[in-house]
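What follows is one structure encoded as structure tokens, with my remarks underneath.
The values are calculated or read from the model by the stated rules, or taken from the named source; none is laboratory data. These numbers were taken from a predicted model, which means no experiment stands behind them. For neighbour counting, all protein chains shown are included, and Cβ atoms are generated from backbone atoms with ideal geometry for every residue, glycine included.
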Amino acid sequence: ILNVEQSPQSLHVQEGDSTNFTCSFPSSNFYALHWYRWETAKSPEALFVMTLNGDEKKKGRISATLNTKEGYSYLYIKGSQPEDSATYLCAPDVSGTYKYIFGTGTRLKVLA
Amino acid sequence: SQTIHQWPATLVQPVGSPLSLECTVEGTSNPNLYWYRQAAGRGLQLLFYSVGIGQISSEVPQNLSASRPQDRQFILSSKKLLLSDSGFYLCALKRNTEAFFGQGTRLTVV
């Protein structure tokens, strides 16, 4: 069973705060991990694709780290802005299956 | 580059009516194709995926079915819609580690 969990489920922060959330995925047969920013009823926007243990990627104020041995990834947002409000999804690529399943998502609300 | 065409963008259908949502792909061949649904207040749930013509894997037993009559065409269907089928439906293709998404269909069953 491919189980992908994200925490917290939702998060409210003040503008300017930094925040982070977690994606947990099966560490066996790991191939890659994707992070997306998603607004309801729209297409997900790709943020990062990460493959190597210890990998760290950055895009503006958003960064992510990856631990493939223990099966987790963190997404960090520095100095949150109201426009960062969205749901953040992760999705692992696992060898041996063509399933592509999203995590449960973290819904972020940044208050002005 | 790959593009996905998904239509219609919005749809209002009565309970008990049939459904057909179409997703077509350009710019690639033999893609893996996926149908997802977002129900109210929930995340994106995988409904079906296909790795080739006529090959469909179903993830969640439900009132829906999928077909892949051509390499670049993926169809989501229902014979009789239920109120619980309302939601946002999203088609996606995957090539290696890259995923591409359609614009989605917002379905309201009334």
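Can you tell which of A:51, A:106 is β-branched (Val, Ile, Thr) and without any contact (Cβ under 8 Å) to a residue 24 or more places away in the chain? Talk me through it step by step, then tell me what you get.
Values: A:106 fails: without any contact (Cβ under 8 Å) to a residue 24 or more places away in the chain.
It is A:51.
Examine the stretch B:103-110 for a residue that is out of contact with any Cys (no Cβ under 9 Å at 6 or more places or on another chain), more than 22 Å from residue A:47 (Cβ to Cβ) and of a type in the set (Ser, Thr, Tyr), and state whether such a residue exists.
Yes, the stretch B:103-110 contains a residue that is out of contact with any Cys (no Cβ under 9 Å at 6 or more places or on another chain), more than 22 Å from residue A:47 (Cβ to Cβ) and of a type in the set (Ser, Thr, Tyr).
Just give me the residues in the stretch A:64-76 being of a type outside the set (Asp, Glu) and more than 12 Å from residue A:22 (Cα to Cα), in sequence order.
Pass one, the stretch A:64-76, residues of a type outside the set (Asp, Glu): A:64-69, A:71-76.
If the condition is that a residue be of a type outside the set (Asp, Glu) and more than 12 Å from residue A:22 (Cα to Cα), then A:68, A:69 are the ones that fit.
Would you be able to say whether some residue in the stretch A:43-63 is touching a Pro at 6+ places or on another chain (Cβ under 8 Å), farther than 27 Å from residue B:40 by Cβ and among the hydrophobic types (A, V, I, L, M, F, W, C)?
Among the residues of the stretch A:43-63, not one is touching a Pro at 6+ places or on another chain (Cβ under 8 Å), farther than 27 Å from residue B:40 by Cβ and among the hydrophobic types (A, V, I, L, M, F, W, C), which makes the answer no.
Out of (1) at the interface with chain A (Cβ under 10 Å from one of its Cβ atoms); (2) over 19 Å from residue A:100 (Cα atoms); (3) not small (Gly, Ala, Ser), what's the single condition that is false for residue B:88?
(2)
Take the stretch A:36-56 and flag every residue that is more than 14 Å from residue B:44 (Cβ to Cβ) and either in contact with a Ser or Thr (Cβ under 6 Å, 6 or more places away or on another chain) or of a type in the set (Phe, Trp, Tyr) (or both).
A:48, A:49, A:53, A:56 - these are the residues of the stretch A:36-56 that are more than 14 Å from residue B:44 (Cβ to Cβ) and either in contact with a Ser or Thr (Cβ under 6 Å, 6 or more places away or on another chain) or of a type in the set (Phe, Trp, Tyr) (or both).
More than 10 Å from every other protein chain (Cβ to nearest Cβ) and surrounded by fewer than 20 Cβ atoms within 10 Å (Cβ to Cβ) - does that describe any residue in the stretch B:97-105?
No, that holds for no residue.
Does residue B:48 fit the bill of being at pLDDT 95 or above, farther than 19 Å from residue B:16 by Cβ and within 11 Å of chain A (Cβ to nearest Cβ)? Spell out how you get there, then give the answer.
Numbers: at pLDDT 95 or above: yes; farther than 19 Å from residue B:16 by Cβ: yes; within 11 Å of chain A (Cβ to nearest Cβ): yes.
The answer is yes for residue B:48.
Look at residue A:33 and say whether it is assigned to a strand (DSSP E or B) and more than 30 Å from residue B:58 (Cβ to Cβ). Outline the logic, then answer.
On the way: assigned to a strand (DSSP E or B): yes; more than 30 Å from residue B:58 (Cβ to Cβ): no.
Answer is no for this residue.
Which pairs have Cβ atoms under 9 Å, sit 6 or more apart or on different chains, and link a residue in the stretch B:85-98 that is closer than 14 Å to residue B:1 by Cα to one that is among the β-branched types (Val, Ile, Thr) and not in a loop (DSSP other than H, G, I, E, B)?
These pairs meet every condition: B:93/B:4; B:93/B:25; B:98/A:49.
Which one of these does residue B:59 not meet: (1) buried (at least 20 other Cβ atoms within 10 Å of the Cβ); (2) at the interface with another protein chain (Cβ under 10 Å from one of its Cβ atoms); (3) among the charged types (D, E, K, R)?
(1)
Being closer than 30 Å to residue A:52 by Cβ and out of contact with any Pro (no Cβ under 6 Å at 6 or more places or on another chain) narrows it down to one of B:80, B:94, so name that one.
B:94
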